[in-house]
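Notes follow the structure.
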Amino acid sequence: MASVVEQMPYHGESAQDRTAFARYIDEARRGKSLLALVAMRNALTPEIRKSWYAGTFTPIETSQGKFDELTCNLAYHFGKHGSKYGNIAGMTEGAKQYFRLNRSKAKLVGGKLKFPNDSIFMPDGRIVTFF
């Protein structure tokens, strides 16, 4: 677990506040909007949690509480690559199926398995990123 906690000190500032709004847009581009984080936290089941690797993401603290590394990782990756799956459960199942069907094509690079479609998994099958 990461020892650094990233702060997102938004307390309901109006979008009319240009600085706060610009900061919000930057965070949203990085998959860290409060809406995305709350939705992801609500969608995570124990089964989905154990299927993914938290990676290098840091926890985030907001006015709605603290979001752990895995929630931040999945909010980002689902926002970036997951819309075609509809939800994180569908993306997780798609990734697990891809791993099973293509494991023999993966190459071990830096302790992680890199697949032909650029997806990355841990050797134990946990998903790092999935395209």
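The values are calculated or read from the model by the stated rules, or taken from the named source; none is laboratory data. Being a predicted model, the structure only gives us computed values, none of them experimental. Cβ atoms come from the backbone with ideal geometry, glycine included; neighbour counts cover every protein chain shown.
Observations on the structure shown:
- Identification of strands (runs of 3 or more DSSP E) wholly contained in region 78-131 with 3 or more residues that are more than 12 Å from the chain's Cα centre (by Cα) and basic (Lys, Arg) yields no element.
- Residue match in region 32-50 (condition: touching a Lys or Arg at 6+ places or on another chain (Cβ under 9 Å) and closer than 27 Å to Val4 by Cβ): yes
- Residues in region 48-74 that are touching a strand residue (DSSP E or B) at 6+ places or on another chain (Cβ under 8 Å) and part of a strand (DSSP E or B): Trp52, Ile60, Glu61, Lys66, Phe67.
- In region 103-124, the residues that are under 18 Å from His81 (Cβ atoms) and out of contact with any Leu (no Cβ under 9 Å at 6 or more places or on another chain): Lys112, Leu113, Phe115, Pro116, Asn117, Asp118
- Any hit, region 38-57, residues being among the β-branched types (Val, Ile, Thr), modelled with pLDDT under 85 and under 13 Å from the mean Cα position of the chain (by Cα): yes
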